[in-house]
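*Asks:* Structure below; questions to follow.
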Amino acid sequence: LAKTTQPISMDSYEGQEVNITCSHNNIATNDYITWYQQFPSQGPRFIIQGYKTKVTNEVASLFIPADRKSSTLSLPRVSLSDTAVYYCLVVGVRYSTLTFGKGTMLLVSP
Amino acid sequence: DAEITQSPRHKITETGRQVTLACHQTWNHNNMFWYRQDLGHGLRLIHYSYGVQDTNKGEVSDGYSVSRSNTEDLPLTLESAASSQTSVYFCASSEFAGGVAAGSYEQYFGPGTRLTVT
């Protein structure tokens, strides 16, 4: 069963690139890695999904090394509105695995 | 627009009472999930369903039950509420469940229900 570990918190300034790493040492062959963003008093919102190498969408990039035991969410040029909690979630086929990390609180300052 | 709703948004109940939290989605998704969120624990899966008449236990299912009689709804029942079940509960749904073809595991979350058991 994949267990995920993330830093509890990170600080950044507006305009900087932020990289949040999640460790998932026991990830299974068919598991995918997904990341979510959560604002206070709201449900989590999907950001990005990946299996290996690099995935990029309009808001973030996801880097996954060849051994897949970790993944790094990269947020380019953060703004104050990116202050939120970020969760990694390892997902197995037919949700045989559904393991959320405990989340990383990102605080972006002016 | 399609959405996922939860009701009530806030609930206070007493120990020992039965409580049911509603979740309704109009995405027509087959997969639905219930999570609880507690400080220091993040999100933990309670139950999930692949479709009508299907339910499965998650990591923290003791004291909770679900039933799936239609595609749109997955109510969560606390049979006998305990103080340890004070939490924020999130419902989610998704379309894709995996397989040979690639797809998105994106889950759409509801706004949450804050439950307090006194």
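*Asks:* What ³J(HN,Hα) values, in whole Hz, does the Karplus curve 6.51 cos²θ - 1.76 cosθ + 1.60 give for the range B:72-79 when θ = phi - 60°, with x put for Gly and Pro?
*Replies:* For the range B:72-79, the Karplus-derived couplings read 7, 10, 9, x, 10, 10, 9, 5 Hz, x marking Gly and Pro.
*Asks:* What is the mean number of Cβ atoms from other protein chains located within 10 Å of the Cβ atom of each residue in peptide A:41-49, rounded to a whole number? Walk me through the intermediate numbers first.
*Replies:* Values: counts 5, 5, 15, 10, 4, 8, 1, 1, 5.
Mean inter-chain Cβ contacts per residue within 10 Å come to 6.
*Asks:* For the range B:15-29, what does the Karplus curve 6.51 cos²θ - 1.76 cosθ + 1.60, with θ = phi - 60°, yield as ³J(HN,Hα) per residue in whole Hz, taken in order and with x for Gly and Pro?
*Replies:* Those phi angles translate into 3, x, 7, 8, 10, 10, 9, 9, 9, 9, 10, 10, 7, 6, 7 Hz.
*Asks:* Show me, for the range A:56-68, the HN-Hα J-couplings you get by feeding each phi into the Karplus relation (A = 6.51, B = -1.76, C = 1.60, θ = phi - 60°), rounded to Hz, glycine and proline as x.
*Replies:* 9, 10, 6, 10, 7, 10, 10, 10, 10, x, 4, 7, 6
*Asks:* Charges at C-beta only: +1 for Lys and Arg, -1 for Asp and Glu. How large is the resulting dipole of the range B:45-118 about its Cα centre, in Debye rounded to 20?
*Replies:* Numbers: 3 positive and 8 negative charges, 29 e Å.
Charge dipole of the range B:45-118: 140 debye, to the nearest 20.
*Asks:* Considering the convex hull of the alpha carbon atoms of chain B, report its projected area averaged over all viewing directions, in nm², one decimal. Walk me through the intermediate numbers first.
*Replies:* On the way: hull surface 30.0 nm².
The directionally averaged projection comes out at 7.5 nm².
*Asks:* Right, here's the next one. How far apart, in nm, are two points set 7 Å out from the Cα along the Cα-to-Cβ line at A:Thr83 and at A:Ala66?
*Replies:* For A:Thr83 paired with A:Ala66, the spin-label model returns 4.2 nm.
*Asks:* Pull up all non-local amide H partners of A:Ile48: gap of 5 or more, or a different chain, and H-to-H distance under 5 Å with H placed in the peptide plane.
*Replies:* A:Trp35
*Asks:* Further, regarding this structure: Using amide H atoms built in the peptide plane, which far-off residues or other-chain residues are under 5 Å from A:Lys102 H to H?
*Replies:* Under 5 Å from the amide H of A:Lys102 lie the amide H atoms of A:Gln6, each far enough along the sequence or on another chain.
*Asks:* On a 23 Å Cα-Cα criterion, which of the cross-link pairs A:Lys102/B:Lys11; A:Lys69/A:Lys102; A:Lys69/B:Lys57; A:Lys3/B:Lys11 come out too long? Before the final figure, lay out the partial values.
*Replies:* Values: A:Lys102/B:Lys11 25 Å; A:Lys69/A:Lys102 17 Å; A:Lys69/B:Lys57 26 Å; A:Lys3/B:Lys11 32 Å.
Beyond 23 Å between Cα atoms: A:Lys102/B:Lys11; A:Lys69/B:Lys57; A:Lys3/B:Lys11.
*Asks:* What is the average number of partner chain Cβ atoms found within 10 Å of a Cβ in A:100-107?
*Replies:* Per-residue shielding by partner chains comes out at 3.
*Asks:* I'd like the mean, over residues of A:25-38, of how many other protein chain beta carbons sit within 10 Å of each residue's own Cβ.
*Replies:* Taking all residues of A:25-38 together, the mean is 2.
*Asks:* Using the Cα centre of the protein assembly as shown as the reference point, and only Cβ charges (+1 on K/R, -1 on D/E), how large is the resulting charge dipole? Debye, rounded to the nearest 20. Display every interim value, and only then the final one.
*Replies:* Values: 17 positive and 19 negative charges, 83 e Å.
Charge dipole of the protein assembly as shown: 400 debye, to the nearest 20.
*Asks:* Long-range amide H contacts for B:His47: which residues qualify at under 5 Å (H placed 1.01 Å from N, peptide plane, sequence gap of 5 or more or a different chain)?
*Replies:* Residues meeting the criterion, in which the H sits 1.01 Å from N, are B:Trp34, B:Gly58.
*Asks:* Per the Kirkwood formula on distinct C-alpha pairs, the Rh of the protein assembly as shown is how many angstrom? Before the final figure, lay out the partial values.
*Replies:* On the way: mean 1/r = 0.0553 Å⁻¹.
Roughly 18.1 Å, rounded to one decimal.
*Asks:* While we're looking at this one, here's another question. Using the crude model of +1 on Lys and Arg Cβ and -1 on Asp and Glu Cβ, and no other charge, please compute the dipole size for chain A relative to its Cα centre, in debye to 20. Walk me through the intermediate numbers first.
*Replies:* Values: 9 positive and 7 negative charges, 86 e Å.
I would put it at about 420 debye.
*Asks:* Can you tell me what share of the DSSP beta bridges in the protein assembly as shown is antiparallel? A percent to the nearest 5 is fine. Mind showing how you got there, number by number?
*Replies:* Values: 64 of 73 bridges.
If I count the DSSP bridges inside the protein assembly as shown, around 90 percent turn out antiparallel.
*Asks:* OK, next. What fraction of the Cα pairs in chain A, stated in percent, has a spacing above 16 angstrom?
*Replies:* Working: 3289 of 5995 pairs.
Distances greater than 16 Å cover 55 percent of the Cα pairs.
Values in this text are rule-based calculations from the coordinates and carry no lab data. It should be emphasised that the depicted structure is a prediction, and the values quoted were computed from it without experimental measurement. We place every Cβ from the backbone using ideal geometry, glycine too, and count neighbours over all the protein chains shown.
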